[in-house]
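Chemist: Let me give you the structure first, and then I'll get to my questions.
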Amino acid sequence: MKELLIRPELCLGCRSCELACAVEHSRGKTLLSAIRENPLPQYRVHVVTDGRGFLPLQCRNCEDAPCLTACLTGALHRDARGVVTCTTELCVGCWMCIMVCPFGIITQKHEERRISKCDRCPDREEPACVNACPVGALIYAEIDDQARLQRQQVLAGLRTL
């Protein structure tokens, strides 16, 4: 199964991933139509900083996801891809999932009294945030493949010493 992986050392904090995510989750699916929507579409990836660097964060789809356990109505569930997904119609806006998320990634849709979280763009082959990142700080790949690539890069770096 492919995972959304982060290379924080590459993130510039440009927020292209946030913009692409909001547009992907808009009704019109274009920037021009998205900025005219009311309410404005919400992004589900959050670029955070500690003043020294940036980190694009989105749902990690934890193996033992506390949000799944905390969801009182069953609105949160794991789909066939292994992604923790919300059935909006079942969400009652109790915010229990927000309180227990260890990464603070689940947010409120105030107007609808529902939650908003990364769904990995189920209608796309690659999530919009990954496609929008100009420096490759976000990767959508098999974990084993990415680990193999990182080991090869370390080896190549050692050979230049």
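Chemist: Pull up the stretch 1-54, narrow it to residues that are free of Cβ contacts under 8 Å to residues at least 12 places away in the same chain and among the aliphatic types (A, V, I, L, M), then point me to the one that is nearest to R120 (Cα to Cα).
Modeler: By that ranking, first place goes to V48.
Chemist: Kindly evaluate E89 against the criterion of being touching a Pro at 6+ places or on another chain (Cβ under 9 Å) and outside the structural domain of E142 (by TED's automatic domain parsing).
Modeler: No.
Chemist: Tell me, please, whether a residue that is out of contact with any helix residue (DSSP H, G or I) (no Cβ under 9 Å at 6 or more places or on another chain) and closer than 25 Å to R60 by Cα can be found in the stretch 41-48.
Modeler: yes
For every residue, the table says whether it meets (1) touching a Ser or Thr at 6+ places or on another chain (Cβ under 8 Å); (2) surrounded by fewer than 18 Cβ atoms within 10 Å (Cβ to Cβ).
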site: M1; (1), (2): no, yes
site: L4; (1), (2): no, no
site: E9; (1), (2): no, yes
site: C17; (1), (2): no, no
site: R27; (1), (2): yes, yes
site: R60; (1), (2): no, yes
site: E89; (1), (2): no, yes
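Chemist: Now, a different point. Tally up the residues in the stretch 104-115 that are closer than 20 Å to K29 by Cβ and crowded, with 21+ Cβ neighbours inside 10 Å, please.
Modeler: Here the count works out to 0.
Chemist: I've got another one for you. With the stretch 69-161 as the region, which helices (runs of 4 or more DSSP H) entirely inside it contain at least 2 residues that are touching a residue at least 40 places away in the same chain (Cβ under 8 Å)? Break it down into steps so the answer makes sense when it comes.
Modeler: Values: elements: 96-100, 128-132, 143-159.
Output list reads 128-132, 143-159.
Chemist: State the number of residues belonging to the stretch 24-40 that are at pLDDT 95 or above, in contact with a Lys or Arg (Cβ under 9 Å, 6 or more places away or on another chain) and of a type outside the set (D, E, K, R).
Modeler: 4
The values are calculated or read from the model by the stated rules, or taken from the named source; none is laboratory data. Worth saying up front: this structure is predicted, and the values here are computed from it rather than measured. Backbone-built Cβ (ideal geometry, glycine too); neighbour counts: all protein chains shown.
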